[in-house]
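Student: This is the structure I have questions about; it appears just below.
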Amino acid sequence: MIIASRASNFVFFALFEFEYALKKSRFTEFFVQHNAIDKFGFREWIFSPGMLFHSQHKWWEKGGIRRRPHEGLDFCFYRDMTGLNHSLNEKTKIPVMYEGKVAGIHDDFLGKSLFVSHDFYDEQENRLYTIYGHTNPYPYVDIGRVFREGEAIAVIAATRKRDSQILSHLHISVAWLPKSFPYNRLSWETMGNRGVATLCDPLKFIDGNYTIDQEGIA
């Protein structure tokens, strides 16, 4: 088991020979507030290797190989301060990582994916996007609406209603796309196009402690 704690409040990027500093999102802090888990406290996120960025392995059902490396990070479990493990469910509220505008809402195989653009740019004028997959957006979430950092934008989609053996979970991707990239072309296919999108490890953007359980959890 590997435990990694928050070492810095800033993320540093070396993109196109440009080092860019961006303050880490308070995603975990807002997650705790929205989901009222203060009673027992939040100790850490729990990930299995298959949940991590660029993993080639499935973490659900009987495992196996993904069709392509994982484009982001899957959130499904956390541990409280008493040592008890908890899983996320269809009532779990999802905060937006940074202030931003809803740029796209698309179906995915478990629910909806929300694409949010942020006013952060690198030296090449690429804009930062965060994507929240397998969600059930709130009715007031529309394309073009701006949300403050930490506002709740959705709950996790209920996979049991789809007769799925995959546990309810949140997928988060972080990517840089050209500033001029049109919103109507945003899709998961776009995220997988290395000539257009530069995917990043979400763990480098999110606050809070985490554990990687090498033996798997699900």
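Computed from the coordinates by the stated procedures, all read-outs in this text should not be read as laboratory data. Just so it is clear, the model here is predicted, and its values are computed rather than measured. Quick reminder, even Gly has a Cβ in these numbers, built from the backbone with ideal geometry, and neighbours come from all protein chains shown.
Student: Can you give the extra length, in nm with one decimal, that the chain gains between residue 214 and residue 125 once fully stretched, where that is 0.36 nm per residue apart less the Cα-Cα distance? Spell out each step's value before the answer.
Tutor: Details: separation 89, 0.36 × 89 = 32.04 nm, distance 3.82 nm.
Going from the current span to full extension adds 28.2 nm.
Student: While we're on this one: For the range 44-52, just list the computed ³J(HN,Hα) in residue order, Karplus coefficients 6.51, -1.76 and 1.60, θ = phi - 60°, integers in Hz, with x standing in for Gly and Pro.
Tutor: For the range 44-52, the Karplus-derived couplings read 6, 6, 10, 10, 9, x, x, 7, 7 Hz, x marking Gly and Pro.
Student: Right, here's the next one. Residues with beta-carbon under 14 Å from that of residue 52, excluding residue 52: net charge, scoring Lys, Arg +1 and Asp, Glu -1? Don't skip to the end; give the middle numbers.
Tutor: Values: positive: 58, 66, 204; negative: 71, 74, 201, 213.
Computed value for this residue: -1.
Student: If each of residue 36 and residue 81 carries a label point 7 Å out from its Cα toward its Cβ, how far apart are those two points in nm?
Tutor: 1.9
Student: Could you list 74, 107 in order of exposure, starting from the residue whose Cβ has the fewest other Cβ atoms within 10 Å?
Tutor: Details: 74 26, 107 8.
Taking fewest neighbouring Cβ atoms as first place, the list is 107, 74.
Student: GNM, the chain, Cα, under 10 Å: largest mean-square fluctuation among 24, 39, 179?
Tutor: 39
Student: Looking at 165, 49, 130, which one has the Cα that reaches farthest to the positive end of the dipole of the range 26-212 (charges on Cβ: Lys, Arg +1; Asp, Glu -1)?
Tutor: Ranked along the dipole, the leading option is 165.
Student: List every residue whose amide H lies under 5 Å from the amide H of residue 154, counting only residues 5 or more places away in sequence or on a different chain, with H placed 1.01 Å from N in the peptide plane.
Tutor: 94, 138
Student: Could you give each residue of the range 174-188 its phi-based ³J(HN,Hα) in whole Hz, using Karplus coefficients 6.51, -1.76, 1.60 with θ = phi - 60°, and x for Gly or Pro?
Tutor: My calculation for the range 174-188 gives 10, 8, 9, 10, x, 4, 8, 5, x, 4, 6, 9, 5, 6, 5 Hz in order.
Student: Within the range 92-159, list the trypsin sites (Lys or Arg not before Pro) lying in a DSSP loop whose Cβ has at most 13 other Cβ atoms in a 10 Å radius. All intermediate terms of the calculation are to be shown ahead of the outcome.
Tutor: Values: sites: 93, 101, 112, 127, 145, 148; in loops: 145, 148.
Answer in residue order: 145, 148.
Student: Something else now. What residue among 95, 137, 69 has the largest mean-square fluctuation in a Gaussian network model of the chain, using Cα springs under 10 Å?
Tutor: Checking each option, the largest mean-square fluctuation is seen for 69.
Student: To continue, here is another question. If each residue's Cβ is checked for other Cβ atoms within 10 Å, how do 171, 106, 70, 57 rank with the fewest at the top? Spell out each step's value before the answer.
Tutor: Details: 171 23, 106 13, 70 20, 57 16.
Neighbour counts put them in this order, fewest first: 106, 57, 70, 171.
Student: Filter the chymotrypsin sites (Phe, Trp or Tyr not before Pro) in the range 86-195 to those in DSSP coil with at most 13 other Cβ atoms within 10 Å of their Cβ, and list the result. All intermediate terms of the calculation are to be shown ahead of the outcome.
Tutor: On the way: sites: 98, 109, 115, 120, 121, 129, 132, 140, 147, 176, 183, 188; in loops: 98, 109, 140.
Here the chymotrypsin sites (Phe, Trp or Tyr not before Pro) that fit, given the DSSP loop and packing criteria, are 109, 140.
Student: Further question: State, to one decimal in nm, how far the label point of residue 136 lies from the label point of residue 185, with both points 7 Å from Cα in the Cβ direction.
Tutor: 3.5
Student: State, to one decimal in nm, how far the label point of residue 29 lies from the label point of residue 9, with both points 7 Å from Cα in the Cβ direction.
Tutor: 0.7
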